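Read the structure below first, then the notes.
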Amino acid sequence: MGQAPADVKGHIPQGVELPPARAGEHALERRRRLAAYFQLLPGWLYLFIGFVIPLILIVYTSLTTSGLFSTGGNATFSWHWANYSDAFSLYSNTYIRSLAYAAIATTLCIGLAYPMAYWIAFYGGRWKSTLFMLILVPFFVSFVIRTVQWNFILGTDGLLFGPLKNAGLLSEDFHVLRTPVAVIAGITYNYMPFAALPLYVALERIDRRLVEAGKDLYSSPSVAFRKIVLPLSFPGIFAAIILTFVPATGDYVNSAVLGGPKTTMIGQIIQNQFLEAHQYSIAAALSVVLMGGMLIIALIYARILGTEDETLAAA
Amino acid sequence: MTDEPRSSLPGLDAALARGLTSRRLSRRNMIKLGGISVGTLSFASILAACSSSSGGTSGGTQAGGSVNFDPSTASDHVNFSNWPLYIDKAHGTYPSLEKFTNETDITVTYNDEINDNASFFGEILPQLRAGQDTGRDIIVITNGEYLAALIANGWATELDPSFRPNFDKNAASWAKSPFYDDGNKHTMAWQSGLTGVGYNTTLVNKAPTKLDDLMSTDFFPASSVGVLKADAPDLVMINLGIDPKTSGQDEWTEAADWLTKLRDSDTFYNAYDQGYVDDLNAKNLSGTMAWSGDVLYYKIWGGKPYEFIMPEDGALLWIDNMLIPANSNNPAGALQLMDFYYNPPNAQMLTEYILYMSPVPAVQQLIDKHAQQESGTLATQLDETAKNPMLWPDQALLNQVSLGRNLTTDEESKAWHDTFDPIWQQ
Amino acid sequence: MSTVVSSDVVVIPEAPVRTPRKRWTRWILPVFTIAMIVYLAFPVLVMIIYSFNVIPTTGESERQTTQFTCCTVGHWREIFKVPELNHALLTSIAVAFPAAAIATVLGTFLGLVLARYTFRGRGMTNFIIFLAIAVPEIVLGSSLLAMYVQLGVSKPLGLSIPLGYWSILLSHIAFSIAFVAITVRARASGLDRSLENAAQDLFANPRVTFWRVTLPLILPGIVAGFLLALVLSLDDFVITNFVNGSTNTFPTWVYGASRLGEPPQVNVWGTVLFTVGIVVAVLQVVRTRRTRVEA
């Protein structure tokens, strides 16, 4: 498919002197550009008001102090950097745990999704899209319902373990809920499509002839895979990593529903600080740290990949 | 929700549904308060200065003098917000409210929108801050941090004591001048209840009697004990021989240590905001800190092998309080309604339906008499209601229970939360 | 042209020795994939099966139990039994469709312009869109709520956004726009401009070009964006939870109800929504099959 360079301004090449007869095209060009700005404006404005301003607001909030009793909840802005030092000193464990859970879950997601995506992309044939649909179809059901179902399934005396315990295969004490295993399993489960989709798209694009050539050149199919398919699928892997890792770090539904006091993730803390402790200034600081961390990671990845266009295109 | 006809064990059915969706069991999670509280900060300092709307800060402090509670000034409508299944109900109507309307010509719009203190507080906070009418004339809030915040910021209308004769005559001793509201300047009790220990008799190794038993595998199997996060500190302090009402940081640390021990013991399973009943029913829990209403409901109506006990060293008492939010449209009418429920026959209508501790002791005799007039299962039920010690605490029981700590300043609140929250947020 | 002289020996490399592929290794991947599909579908299967569970009813409030007893269609017949659930579902739908529609319109133009023109602030816009996707939902949710409440307190220009349907709707549009924009942008940047140029050479003015040529070409991207926005809105939990006041959407209601135990109607409705999703997916597949055949 022919690709127009993305920065073509209409179709007047730059720096070319136009013969007088075509001078009118400048005006046309200007009109066209104004039209472009005009089309852009509503969406841009909405994004700005609905997205950028709230974010600025929360950064502002993170530097305030407030108290329900002393000021009726009004916040005083005072460059209160102590909020950030409090956030780090009290909750660095939780941040690290969230990053760790997300990293493990992302690895599992990619490890499990890759073979699936590979097989469907390469050997699916006519049924490729149907098979891939089958993977995505369970996710039409709200993730809240699916997580709650896992809570139901993994109960101490529940669907899965009840019969096993009755059969004596598991000790009565055995439980999965409230352990890190349950939370990580939940995150892995819920974010699987975020990993599978980019992987599948990337793998599906790979020219089969390259693989064939590889099989002829290299000693075995697995080497061909390693040398040809894997590198070509790197953009997909990178996209999958970032699309999975970033949201998973801020997730709290899985740890709230499936976890316990020792598996707390930063998302839960942020909520909790907003609600129970009314320490909204600190809560905002926690949010900003989370957001900042994720942005840094995302930007690093964008750099690695070259342009953010590619990342998102791969997605 | 449909309601059962009066003749078939009304109290229990209501208590059933009541326990199931009991005032603590929120259908919404509690994040909202946090988010709404965030909004209270932000550009407040700048905008409050520029804003032309009145009372940008803690709007609407109303001294009793500036609000007229004379019944003759009452307008003809009151909005009453309450917890689910916390009022008598029959065939889609509220008999006690209808009786009130007949007596006073004031109509009542009843809304059982309150599912938990924190999120409801968060919902009305913006309007309170802006000095606006919240649209509610009576709300019901449990004693504790949020009630204290409402009072401290002047958001609970001061009541005029000369217009509540029934309250003065009939209220129980524990309802009069509770330590968190001296002289009942802002609140009047609606109902009261207990936090103790609930357990599944078929799953426990031995029936517990003390709070310490929660930690021991002699009593409970491993990984099967639950904790109520909000009530735990007070309950633990009571059982450590501390009076929570006057406790300080040292006592809190003591309680926190006990809770940490419980959390790290083999028996511990999970800590809850209010969803322990589901885990109890799913047999993920064999025992837990619990509210009396929930456990008794499942025991009597659900036929489950549950038991509710007050730990040997004491249980936690909590009181749900009626109050009039600031800037109410009809404070005179609201106070009339509040006082109406302190007339024993009216209070009787409530208790026979919702089975919680009534602030009007005279009701006990009325229910007893009613039981003798009826026959069959209804009579048995009424009789049980009249005789249940949890509903009619004598002084001995009152000595065994205590109200929880009232947090009244930001420093106290921060210290409390910094002491207890991290235990459940490792 | 090279000629092979008989004295030249052309060495043909030895064909690599290939270990005869054992039959069973061919089955690893397919079996794994099938197993994964089952695993992914497992909670959904449980949900469907338990919608037929017989529950010993205790009064009017039924909650799902672990015990499975076959089988009743009672819950299906009483599908509208829980009024709060019905209300939440209606709210979800009433938010999702308008939100997706508006987000699609706004996002399409955004994506189109981003794909085609350079302009000042292009990098900034790209960054904002990138942000909208990278920022954790919990941060976005709490900040949106802060903004709405502040508007409610200070009422600039007498405007305020009540927490409820409107705040949910506006929030959903906010986060959906970015997703639609990148979908359309991806589609538009792959387009051949020569078609449009040809149309304009044929004296079509820009508006006609847009409606008759550009739009149909990027339509698959727009449709994909719309569906994406729709799903994002229906399934959104975190942001909705922050900004919804006392109004419930389906996910927030389910989450709240999970504290007490779910009524069986949740399983029933989950199954209904799931079926709708499958039907849509099947239609989509059939449609692409057909267009592929036609092409």
Take peptide A:265-271, look around each residue's Cβ out to 10 angstrom, count Cβ atoms belonging to other protein chains, and average those counts. 5
Net charge, A:PRO180 excluded, C-beta distance under 11 Å - Lys, Arg +1, Asp, Glu -1: +3
Charge dipole of the protein assembly as shown built from unit charges on the beta carbon (Lys, Arg +1; Asp, Glu -1), centred at mean Cα; most positive-end Cα among C:THR247, B:GLY183, B:GLY131 is C:THR247
Using only the Cα atoms of chain C, build the gyration tensor, take square roots of its eigenvalues as a ≥ b ≥ c, and label the shape rounded, prolate or oblate: rounded if a/c is under 1.5, else prolate if a/b is larger than b/c, else oblate. oblate
Which entries in B:LYS185/B:LYS414; B:LYS99/B:LYS176; B:LYS206/B:LYS299; B:LYS89/B:LYS176; B:LYS169/B:LYS229 show an alpha-carbon gap greater than 29 Å? B:LYS169/B:LYS229
For the peptides C:182-193, A:227-238, what is the packing order when you average, over each peptide's residues, the other Cβ atoms within 10 Å and list the highest mean first? C:182-193, A:227-238
Taking the Cα centre of the range B:304-368 as origin, work out the dipole magnitude from +1 charges on Lys and Arg Cβ and -1 charges on Asp and Glu Cβ, in debye rounded to 20. 260
Going from the fewest other Cβ atoms within 10 Å to the most, one would list B:VAL78, C:VAL10, A:VAL288 as C:VAL10, A:VAL288, B:VAL78
The local net charge around B:LYS169, scoring Lys/Arg +1 and Asp/Glu -1 for residues other than B:LYS169 whose Cβ lies under 12 Å from its Cβ, equals 0
Give, rounded to the nearest 20 debye, the magnitude of the charge dipole that the range A:30-169 has about its Cα centre when Lys and Arg contribute +1 at Cβ and Asp and Glu contribute -1 at Cβ. 900
Over all alpha-carbon pairs of the range C:127-242, lay out the pair-distance distribution in 10 Å bins, whole %, shortest bin first. 13, 32, 25, 18, 11, 1
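What number, rounded to the nearest 500 deg cm²/dmol, is the helix-based mean residue ellipticity at 222 nm of chain A, given -39500 (n - 2.57) per DSSP H run of at least four residues and division by all its residues? Each step should come with its number before you reach the end.
On the way: 14 runs with 206 residues, N = 315.
Calculated at 222 nm, the ellipticity per residue is -21500 deg cm²/dmol.
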Suppose R0 equals 30 Å. What FRET efficiency, 1/(1 + (r/R0)^6) with r the Cβ-Cβ distance, do A:LEU34 and C:ALA101 give to the nearest 0.05? 0.70
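Sort B:412-420, B:236-244, A:85-93, A:186-194 by packing, meaning the average of other beta carbons within 10 Å per residue, with the highest value first. It would help to have the intermediate numbers written out before the result.
Numbers: B:412-420: 18.0, B:236-244: 20.1, A:85-93: 15.7, A:186-194: 24.1.
Order by mean packing, descending: A:186-194, B:236-244, B:412-420, A:85-93.
Using only atoms on other chains, find how many Cβ atoms lie within 10 Å of each Cβ of peptide C:182-190 and report the average.
Values: counts 5, 2, 0, 4, 5, 0, 1, 5, 5.
Per-residue shielding by partner chains comes out at 3.
Suppose R0 equals 35 Å; then what is the FRET efficiency for A:ARG226 and A:ARG303 from their Cβ-Cβ distance, rounded to the nearest 0.05?
On the way: r = 26 Å, r/R0 = 0.74.
Step by step, r from the Cβ atoms, then E = 0.85.
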With just the Cα atoms defining each centre, how far is the range B:282-316 from the range A:150-195? Give it in Å. 26
For the protein assembly as shown, what number results from the quotient of the Cα radius of gyration and 2.2 N^0.38 Å? 1.05
Tell me the mean residue ellipticity at 222 nm calculated for chain C from its helices only (DSSP H runs of n ≥ 4, each -39500 (n - 2.57), averaged over every residue, nearest 500). -22500 deg cm²/dmol
For the protein assembly as shown, the charge dipole (Cβ of Lys, Arg +1; Cβ of Asp, Glu -1; about the Cα centre) points to a positive end, and the Cα of A:TYR46, B:THR380, C:MET124 closest to that extreme belongs to C:MET124
Sorting check: for B:377-386, B:83-92, A:121-130, A:166-175, which peptide has the highest mean count of neighbouring beta carbons within 10 Å, and how do the rest follow? B:83-92, B:377-386, A:121-130, A:166-175
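Just round it to a whole percent: the fraction of Cα-Cα distances in chain A exceeding 31 Å.
Values: 25966 of 49455 pairs.
The share of Cα pairs beyond 31 Å in chain A comes to 53 percent.
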Need the list of lysines near A:LYS215 for cross-linking: C-alpha distance under 25 angstrom, and skip anything on the same chain fewer than eight residues off. A:LYS128, A:LYS227, C:LYS22
Answer with one residue from A:ILE153, A:ALA285, A:TYR95: the one whose Cα lies farthest towards the positive end of the charge dipole of the range A:83-314, charges on Cβ with Lys, Arg +1 and Asp, Glu -1. A:ILE153
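Are there any trypsin sites (Lys or Arg not before Pro) in the range A:132-190 that are in a DSSP loop and have at most 13 other Cβ atoms within 10 Å? List them by number. Mind showing how you got there, number by number?
Working: sites: A:ARG146, A:LYS165, A:ARG178; in loops: A:ARG178.
Sparse-neighbourhood loop trypsin sites (Lys or Arg not before Pro): none present.
Report the Stokes-Einstein translational diffusion coefficient (µm² s⁻¹, integer) for the range B:299-345, Rh taken as the Kirkwood radius over Cα pairs, at 4 °C with viscosity 1.567 mPa s. Intermediate values should be presented prior to the final figure.
Working: Rh = 15.0 Å.
Answer from the Stokes-Einstein relation: 87 µm²/s.
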Would you mind pulling out the separation of the Cα centroids of the range C:30-53 and the range B:83-146, in Å? 44
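Under unit Cβ charges (Lys, Arg +1; Asp, Glu -1), what dipole magnitude, rounded to 20 debye, does the protein assembly as shown have relative to its Cα centre?
Working: 70 positive and 84 negative charges, 1112 e Å.
Using Cβ point charges on Lys, Arg, Asp and Glu, the protein assembly as shown gives about 5340 debye.
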Tell me the label-point distance for the pair B:ALA415, A:ALA167, using the 7 Å Cα-to-Cβ offset, in nm and rounded to one decimal. 5.7
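If you rank B:LEU128, B:LEU337, A:LEU34 by fewest surrounding Cβ atoms within 10 Å, what's the result?
Details: B:LEU128 27, B:LEU337 23, A:LEU34 10.
Neighbour counts put them in this order, fewest first: A:LEU34, B:LEU337, B:LEU128.
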Modelled FRET efficiency - R0 30 Å, C:GLN284 with A:LEU41, Cβ distances, 0.05 increments: 0.40
B:ASP76 and B:GLN426 label points (each 7 Å along its Cα→Cβ direction) are spaced in nm at 6.3
Using each residue's phi in the range C:78-83, evaluate 6.51 cos²θ - 1.76 cosθ + 1.60 at θ = phi - 60° and report the 3J(HN,Hα) Karplus result to the nearest Hz, with x for Gly and Pro. 9, 4, 9, 5, 9, x
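Restricting to Cα pairs below 8 Å that are 6+ residues apart, what does the relative contact order work out to for chain A? Please round to a whole percent. Intermediate values should be presented prior to the final figure.
Values: 317 pairs, mean separation 75.0, N = 315.
This gives 24 percent for chain A.
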In peptide A:152-162, what is the residue-averaged number of other protein chain Cβ atoms found within 10 Å of each Cβ? 5
B:LYS369: which aspartates and glutamates have alpha carbons under 14 Å from its alpha carbon, excluding same-chain residues fewer than 8 sequence positions away? B:GLU352, B:ASP383, B:GLU384
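Bear in mind that the values in this text are calculations on the coordinates, not laboratory data. Worth saying up front: this structure is predicted, and the values here are computed from it rather than measured. Cβ sites come from the backbone with ideal geometry, for glycine too, and all protein chains shown count toward neighbours.
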